[in-house]
Amino acid sequence: MAFHPVITALLFALVLARVQLSVCHVLKASLTCLDCNRHYDLSGIKVLVKCNQVKKPAMATTKEDGSFKTELPSDAPTSPPSFNDCLVKVLGGPSQLYASKKNTVSEIVKAHESDSYIISTPLKLYTSCPLSTKDAKCGAQNTETGSSKIPDLPLPPAWGLPPSSYYIPFLPIIGIP
């Protein structure tokens, strides 16, 4: 008879352990490399998942084949989720990637499975500059920025002063120790 309360407590603990209070909504998607060979390693590419009413986004890392899986972000686990305004964006990877803006962002749609979501348009990228497309701009993005070197202003040699780059950026700090 002493084992009866122990067995009841163990069965009660087992029932509580199997109850799942939170429902997990999972996004399953993949990247497509347009100029890679079949066995190219697409692992390590970071993908951001951001929903409209949620403050904290979710981050995923791709596997070798470019697929990734992540839990969709939500602020309150008990509220009914609304993933209508969620976007997926490719952030970058361990090596240089090239893509147009329209191919790096996709919306999330509900899949046929329950609690599973997919992307509406494929995420496409290149590993080298796509010269065949008309919007290929693979060079430096901001070429108007000049050098950060301070120019030497011409000073008369009779003054005996050092070059102006030695003292123009210097602002002395005057204070009482």
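The values are calculated or read from the model by the stated rules, or taken from the named source; none is laboratory data. Source: prediction; values computed, not measured. Positions of Cβ are generated from backbone atoms using ideal geometry, with glycine treated the same way; all protein chains shown enter the neighbour counts.
The condition (being acidic (Asp, Glu) and in contact with a strand residue (DSSP E or B) (Cβ under 6 Å, 6 or more places away or on another chain)) is satisfied by just one residue among Asp35, Asp41: Asp35. Residues that are at pLDDT 85 or above, in a strand (DSSP E or B) and touching a Lys or Arg at 6+ places or on another chain (Cβ under 6 Å) do occur in region 96-108. In the set Leu91, Leu123, only one residue is surrounded by fewer than 18 Cβ atoms within 10 Å (Cβ to Cβ) and within 16 Å of the chain's Cα centre (by Cα); that residue is Leu91. Working only within region 63-95, note down all residues that are modelled with pLDDT of 90 or more and among the aromatic types (Phe, Trp, Tyr). Passing the criteria: only Phe68. Based on this model, can you work out whether Ala99 counts as among the aliphatic types (A, V, I, L, M), surrounded by 13 or more Cβ atoms within 10 Å (Cβ to Cβ) and free of Cβ contacts under 8 Å to residues at least 40 places away in the same chain? The answer is yes for Ala99.
Condition check ((1) assigned to a loop (DSSP other than H, G, I, E, B); (2) basic (Lys, Arg); (3) within 27 Å of Leu97 (Cα to Cα); (4) modelled with pLDDT of 70 or more) across all residues:
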{"residue": "Met1", "(1), (2), (3), (4)": "yes, no, no, no"}
{"residue": "Val6", "(1), (2), (3), (4)": "no, no, no, yes"}
{"residue": "Ser22", "(1), (2), (3), (4)": "yes, no, no, no"}
{"residue": "Thr32", "(1), (2), (3), (4)": "no, no, yes, yes"}
{"residue": "Cys36", "(1), (2), (3), (4)": "yes, no, yes, yes"}
{"residue": "Tyr40", "(1), (2), (3), (4)": "yes, no, yes, yes"}
{"residue": "Val49", "(1), (2), (3), (4)": "no, no, yes, yes"}
{"residue": "Lys55", "(1), (2), (3), (4)": "yes, yes, no, yes"}
